[in-house]
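Structure first, then comments.
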Amino acid sequence: MLFKSFILLSVFAVACYGQSKVPVYVYYESLCPDSARFVNEQLYPVAKAFKKNLELHLVPFGKSSYTTQGSDVMFTCHHGENECYGNKVHACAIQHIQGNSYQPNISKEDLTLDYVNCLMHLAQLKDGAFPTKRCADEVKIDQWQAIMDCANSTEGSQLLKQHGDVTNKLQSPLKSVPTVAFKQTYDEELQKLSVSSFRHALCKNLSPQPVECLDLPSTASVISSFGAVIALTAVLISRLL
């Protein structure tokens with residue numbers, strides 16, 4: 001009975017350990033090679049591994065700018081007119097993607113990240129039309145027509161303008177793309193760490209750190225914290241005796 005109690009309390013302690021969550025804003029551009037590299041090689045795999053610890057906000061605007069004339073919004077984008085359209089596709093996808101009834105374990109956020117990851121990869125191939133439909137087929141997004149309609153309408157322009165306002169609130173213009181801001185606050189040293197090793201930057205901002213951070217070089221404090229959890233478990237058991 002004592003052994004079972006210890007096991008149950010240990011499992012409870014581990015389950016509760018490392019459940020911290022941090023908001024992360026990623027400011028990027030749909031046709032930027034550096035943005036694509038960051039999303040495909042760092043953000044996507046880390047976000048999948050740290051799903052319970054990351055509140056991800058994607059902001060597809062980058063170093064773009066806009067002007068308004070009445071109800072019309074005109075954009076100038078870092079990599080040209082095609083990027084303006086691509087940014088609208090991203091903005092519309094973030095707005096319109098929904099979970100699927102036949103994939104109940106996959107959330108809207110999961111599908112959005114999968115779709116954005118695909119868009120960033122295939123758009124760099126520059127082998128024809130923007131991969132709106134192709135990525136929707138690959139990721140199994142039902143709302144591709146809504147995304148297309150949105151990107152080609154005033155809705156897409158308004159959504160992209162909103163992302164521009166969020167971007168300009170952080171920096172106007174951005175110093176670099178992609179920019180990664182934890183808790184929507186720019187920090188130059190954390191930016192450098194994020195683009196070189198997003199996993200390290202994320203773990204640095206999680207307290208307590210989850211077990212996924214344990215194999216990083218500077219994890220002595222994490223191990224110490226984990227030991228403290230086990231010690232607390234032992235104290236609780238002793239009080240039950």
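Give me the percent of accessible area attributable to carbon and sulfur for the range 22-213, probe 1.4 angstrom. All intermediate terms of the calculation are to be shown ahead of the outcome.
Working: 4440 of 9070 Å².
C and S atoms contribute 49 percent here.
Each of the peptides 163-175, 39-51 was scored by the mean count of other Cβ atoms within 10 Å over its residues; in descending order, highest first, they stand as 39-51, 163-175.
Rounded, prolate or oblate, given the Cα gyration tensor of the range 22-213, with a/c below 1.5 counting as rounded? Because a/c hits 1.5 or more and a/b fails to exceed b/c, the range 22-213 counts as oblate. Beta bridges from DSSP with both residues in the range 22-213: antiparallel share about 60 percent, rounded to the nearest 5. Decide, for the range 22-64, between rounded, prolate and oblate: order the square roots of the alpha carbon gyration tensor eigenvalues as a ≥ b ≥ c, take rounded if a/c falls under 1.5, and otherwise choose prolate if a/b is larger than b/c, else oblate. It comes out oblate by the Cα gyration axes. A 1.4 Å probe run over the protein chains yields, for the range 22-213, 47 Å² of accessible area per residue, whole-number rounding.
The values are calculated or read from the model by the stated rules, or taken from the named source; none is laboratory data. Keep in mind the model is a prediction, meaning the values are calculated, not measured. Every residue, glycine as well, gets a Cβ built from its backbone with ideal geometry; the counts of neighbours run over all protein chains shown. These area figures cover heavy atoms from the full protein model, side chains too; ligands, DNA and RNA do not enter into them. Shrake-Rupley method; radii C 1.70, N 1.55, O 1.52, S 1.80 Å.
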